[in-house]
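Trainee: Here it is, the structure, as structure tokens.
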Amino acid sequence: MMARSRSSGRWLAEHFNDDYVRQAQAKGWRSRAVFKLAEIQQRDRILQPGMIVVDLGAAPGGWSQYAAEQVAPNGQVIALDLLPMEPLPGVTFLQGDFTAAETWRRLQDEVGGRAVDVVLSDMAPNMSGNRSVDQPRAMLLAELALEAAENLLNENGCFLTKLFQGEGFEAFQKQVRRRFARVATCKPKASRARSREVYLLAQGFKR
């Protein structure tokens, strides 16, 4: 067995000593990321019973799990990821590459022409540690998520996406402001302090 690198050892130590990881395990949530969405929900109430929600980059399912509880009993969450995901009540899961046309067609078929109320995206690329490589990849995923939101959302719908501060960040914000009435960024408490990630919340989609 190969010895772990110092950086991976530090990550594992941080992960298993993380209070949000322990809380997620204790409460049966799929991931610590649920607390980021929960904080946004508690402040902005973007999820309501009966809503249709699309969750991009859903695996392992923390956001889908939380969203399904919020939109129950008559709502639906459609989750999509390249990786497999164990089934969840109230969640329809599609496995596929979001950048592939076939996966997009499957998502549209599942939506079935219905108006989507909320598009969530916690997508992030596999980080190499090289910011000049990682940042363009992250921005491309955000742009693809925005394109999906523009195609799926109903009038006044909501879009929430992960972003990383860096090149392209401000231009993306300006692009979103052209299509939504209210746009804000936040860094939930569950986001690690050293991470450049923030979340952009756009409400009041303008068709």
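The values are calculated or read from the model by the stated rules, or taken from the named source; none is laboratory data. These numbers were taken from a predicted model, which means no experiment stands behind them. Positions of Cβ are generated from backbone atoms using ideal geometry, with glycine treated the same way; all protein chains shown enter the neighbour counts. Accessible surface areas use protein heavy atoms only, side chains included; no ligands, DNA or RNA. Shrake-Rupley method; radii C 1.70, N 1.55, O 1.52, S 1.80 Å.
Trainee: Check every one of the strands (runs of 3 or more DSSP E) wholly within the range 103-194 and list those with 2 or more residues that are closer than 19 Å to VAL54 by Cα and in contact with a helix residue (DSSP H, G or I) (Cβ under 7 Å, 6 or more places away or on another chain).
Mentor: Details: elements: 116-121, 153-164, 180-186.
Once the strands (runs of 3 or more DSSP E) in the range 103-194 are filtered for at least 2 residues that are closer than 19 Å to VAL54 by Cα and in contact with a helix residue (DSSP H, G or I) (Cβ under 7 Å, 6 or more places away or on another chain), what remains is 116-121, 153-164.
This table checks each residue for (1) open to solvent by less than 90 Å² (accessible area, probe 1.4 Å); (2) on the phi < 0 side of the Ramachandran plot.
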position: ILE78; (1), (2): yes, yes
position: ASP81; (1), (2): yes, yes
position: PRO89; (1), (2): no, yes
position: THR103; (1), (2): yes, yes
position: ARG114; (1), (2): no, yes
position: VAL118; (1), (2): yes, yes
position: GLY129; (1), (2): yes, no
position: LEU144; (1), (2): yes, yes
position: ALA149; (1), (2): yes, yes
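Trainee: Turning to a different aspect of this structure: Does ARG32 satisfy the condition of being out of contact with any Leu (no Cβ under 7 Å at 6 or more places or on another chain), touching a residue at least 60 places away in the same chain (Cβ under 8 Å) and either more than 28 Å from PHE205 (Cα to Cα) or open to solvent by 80 Å² or more (accessible area, probe 1.4 Å) (or both)? Lay out the reasoning, then the answer.
Mentor: Numbers: out of contact with any Leu (no Cβ under 7 Å at 6 or more places or on another chain): yes; touching a residue at least 60 places away in the same chain (Cβ under 8 Å): yes; either more than 28 Å from PHE205 (Cα to Cα) or open to solvent by 80 Å² or more (accessible area, probe 1.4 Å) (or both): yes.
Yes.
Trainee: What residue, of ARG178, ARG196, is among the basic types (Lys, Arg), open to solvent by 20 Å² or more (accessible area, probe 1.4 Å) and in contact (Cβ under 8 Å) with a residue 12 or more places away in the chain? Full working, then the answer.
Mentor: Numbers: ARG178 fails: in contact (Cβ under 8 Å) with a residue 12 or more places away in the chain.
Only one candidate qualifies: ARG196.
Trainee: Also: Given the conditions (1) part of a loop (DSSP other than H, G, I, E, B); (2) in contact with a Pro (Cβ under 8 Å, 6 or more places away or on another chain); (3) under 18 Å from ALA149 (Cβ atoms), which single one is not true for PRO49?
Mentor: Every listed condition holds for PRO49 apart from (3).
Trainee: Go through (1) part of a helix (DSSP H, G or I); (2) touching a Ser or Thr at 6+ places or on another chain (Cβ under 6 Å) for ASP97 and report which single condition fails.
Mentor: Tallying (1) part of a helix (DSSP H, G or I); (2) touching a Ser or Thr at 6+ places or on another chain (Cβ under 6 Å), ASP97 fails exactly one: (1).
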